[in-house]
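Down below is the structure, laid out as structure tokens.
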Amino acid sequence: MTERDKFHFSYGHFFQIPAFRFLYMSTQQEPQGAFPLVGYPDLEPQKTVQYELGVEHIFTETMVGDATVFIKDIRDLLDTERLDVKVGNITRFCNATFGNVKGFEVTLDKRLSKMFAAKVGYTFSIAKGLASSYRQGYDYAYYGWVLPQTENYLDWDQTHTIDLTLDIRDVERWGVNVTMVYGSGMPYSTSPEIGQPKINDKRMPWTLDLDVKANYDIHMWGMKYSLFAEVRNLLNRKNVQNLGADEGTGSGSDWTTWLYRYNDPDGPYDDMEVYCAPMVIRGGVSVEF
């Protein structure tokens, strides 16, 4: 330890109240349908306990590095459970599942000097739990599947993320900003011809996002006119973001089969919605006075 090092630690309890629709859905009327789903007014808030421990080191007057480890323990996640009552089988919302996130992050930050700033970071993270969707219990009961008893990768588990930001700027006149995010693929569930899906046993392809922003400022008549342009997805890359999955099961059988067997994410129907937005170019003028 030297005068250039600083430890930081955080610990917190966080609570998220369920949306009202999960509390009061169909509670004031007779349930309809063969498999009615109703709310539960006594739902508990989702609870998260989070820990962070890290160290920051000053390399130069304009360059700082940081390494942080983190743990999130998530309890009382929303799910559904089947009830046998006089009017038939009813499924209601409940606090039944849990999850956890563990990982670390390393960053190197060069602050703006000589018209140049940059930041690069790497994050390793593993997110596991019993359910990724509040409908898991309902859907599994509907299809007659056995609920998972062990933790699986959650839908939002992204193991590796690399992000880079470059900024070249004359503060009084113009600037160019480049942002890149490169991440490992999210998990998805494959569907065998017979039996229930294998929960998040495969991975989508890696994704790459590259965005560029630029501005040019003109000071005139006591006002500032700013010409700006923005290009999102500069490489026009077809990042896979959705496989036509059914909510709850995480299984879009046609799309997942096409991906892991034929490396063709848009499935047999050429579904372009599985990809992120293509390259988008925007421009404009702003006035400050």
Take the range 36-91 and flag every residue that is outside any strand (DSSP E or B), of a type in the set (Gly, Ala, Ser) and either surrounded by fewer than 16 Cβ atoms within 10 Å (Cβ to Cβ) or without any contact (Cβ under 8 Å) to a residue 40 or more places away in the chain (or both). none
Just one of TYR134, TYR142, TYR122, TYR182 is among the aromatic types (Phe, Trp, Tyr), in contact (Cβ under 8 Å) with a residue 12 or more places away in the chain and over 28 Å from TYR275 (Cβ atoms); which is it? TYR142
Restricting the range 210-241 to residues that are acidic (Asp, Glu) and in contact (Cβ under 8 Å) with a residue 40 or more places away in the chain, the one surrounded by the most Cβ atoms within 10 Å (Cβ to Cβ) turns out to be ASP217
What is the residue count in the range 167-195 for residues that are more than 23 Å from the chain's Cα centre (by Cα) and closer than 20 Å to LYS213 by Cβ? 11
Identify all residues within the range 140-164 that are assigned to a loop (DSSP other than H, G, I, E, B) and closer than 30 Å to ASP209 by Cβ; write none if there are none. GLU151, LEU154, ASP155, TRP156, ASP157, GLN158, THR159
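For every residue, the table says whether it meets (1) more than 18 Å from PRO18 (Cα to Cα); (2) of a type in the set (Gly, Ala, Ser); (3) at pLDDT below 95; (4) not assigned by TED's automatic domain parsing to the domain that holds HIS13.
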residue	(1), (2), (3), (4)
TYR51	yes, no, no, no
HIS57	yes, no, no, no
THR60	yes, no, yes, no
GLY65	yes, yes, no, no
ILE71	yes, no, no, no
THR80	no, no, yes, no
LEU83	yes, no, yes, no
THR91	no, no, yes, no
ASN95	no, no, yes, no
Taking the condition in a loop (DSSP other than H, G, I, E, B) and either more than 22 Å from the chain's Cα centre (by Cα) or at pLDDT 90 or above (or both), does ASN236 pass? yes
Residue that is modelled with the lowest pLDDT [pool: residues in the range 1-26 that are more than 21 Å from ASP42 (Cβ to Cβ) and hydrophobic (A, V, I, L, M, F, W, C)]: MET1
Of VAL176, VAL120, which residue is under 30 Å from VAL285 (Cα atoms) and either exposed (fewer than 15 other Cβ atoms within 10 Å of the Cβ) or in contact with a strand residue (DSSP E or B) (Cβ under 6 Å, 6 or more places away or on another chain) (or both)? VAL176
Looking at GLY183, GLY283, which is the one that is surrounded by fewer than 14 Cβ atoms within 10 Å (Cβ to Cβ), touching a strand residue (DSSP E or B) at 6+ places or on another chain (Cβ under 8 Å), at pLDDT 90 or above and not assigned by TED's automatic domain parsing to the domain that holds TYR134? GLY283
For residues that are in a strand (DSSP E or B) and touching a helix residue (DSSP H, G or I) at 6+ places or on another chain (Cβ under 7 Å), tally how many sit in the range 190-225. 2
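The values are calculated or read from the model by the stated rules, or taken from the named source; none is laboratory data. Here the structure is a predicted model, which is why all the values come from computation and not from measurement. With ideal geometry, Cβ positions are generated from the backbone for all residues, glycine too; neighbour counts draw on all protein chains shown.
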